Amino acid sequence: MRPLAISAAVAFSLAAAPFAEAGPDQQQAVDEALNVVREMHNGGNDIAAKARELVRHSRAVLIVPELVKAGFIFGAQGGTGVLLARSGKHKWSDPAFYDLGAGSFGFQIGVEVSKVVLIIMSDKALNAVMENKVKLGAEAGLAVATLGAGAEASTTTNAGADIYVIAESKGLFGGVAIEGGVMSPRHEWDAAYYGRNVSARDIVVRGAVSNPGAGALRRALGEL
C-alpha cells in the first residue's frame, strides 16, 4: 500500500472510532467540564462575555472538555462531553454524557485539542440533540453559528441561531468549525454514573436521577 493510502486508511480509522473509549471516566469528565465553565466565567475577551450572555438565555449546554482533531490529508475530530439543561432560573439539570465527532477533508497535519461549548438556545434544538444520533446543521434543521474568529464562513455568527459554538484553546475563547458534527448519547456512561439505565431525556428534562458529584458544575452554570 502506498504511503498516501496508508495515511488515508489510518485517518479513516480515527474518524470511525469512538474517541472517548480511552478517555477519562465519568466524574473526571464532569470535573473537567466544571473547569471549562470556570474559564468561561473568568474569560476577559468579548467572545467569553458574549458566551456568558447566551448561556443566561439558553435552554441547554453541551460542554466537551477535550475535542481532539488529528489528521494528515484526511482529518477527524471527536471527544466526550456533558449535556445539561436549564431547570429554572439559575438552576441546571444533572449531566448526560455525549460523544461529539466530526470528519473533515483538507490539507492538514498535526493534532489540535480544544475545549468546546455548544450553547443550545431552544427546545427544538434540545429535542434534536436528545435523539439517538443527530448531525448538526441543515440535516437536523438546526442553524449552527460560531462565536469568534477563525471559523469557516459557513458557520460565522448570526442572530437567531439554534446552537452557538465556542472553543477555548490556550486560555482564550475563539471560533471552531463544527458544522456537520455528529452527536450521540453515551448510554453506558449514563448508566454507570447514575446506577441504572436512563435516557438523556430522563436526566436533563425529567430530573429522574441525580449524582452529587455534579453539584459544583450545576452551581457554576447557575453563576454565569
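The values are calculated or read from the model by the stated rules, or taken from the named source; none is laboratory data. Keep in mind the model is a prediction, meaning the values are calculated, not measured. Glycine also receives a Cβ, built like all others from the backbone with ideal geometry; neighbour counts cover every protein chain displayed.
Quick rundown of the values:
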read-out: Within region 56-75, considering residues that are crowded, with 21+ Cβ neighbours inside 10 Å and among the aliphatic types (A, V, I, L, M), the one modelled with the lowest pLDDT; value: Leu67
read-out: Any hit, region 24-40, residues being at pLDDT below 80 and surrounded by fewer than 18 Cβ atoms within 10 Å (Cβ to Cβ); value: yes
read-out: Residues that are more than 20 Å from Ala125 (Cβ to Cβ) and basic (Lys, Arg), drawn from region 189-204; value: Arg196
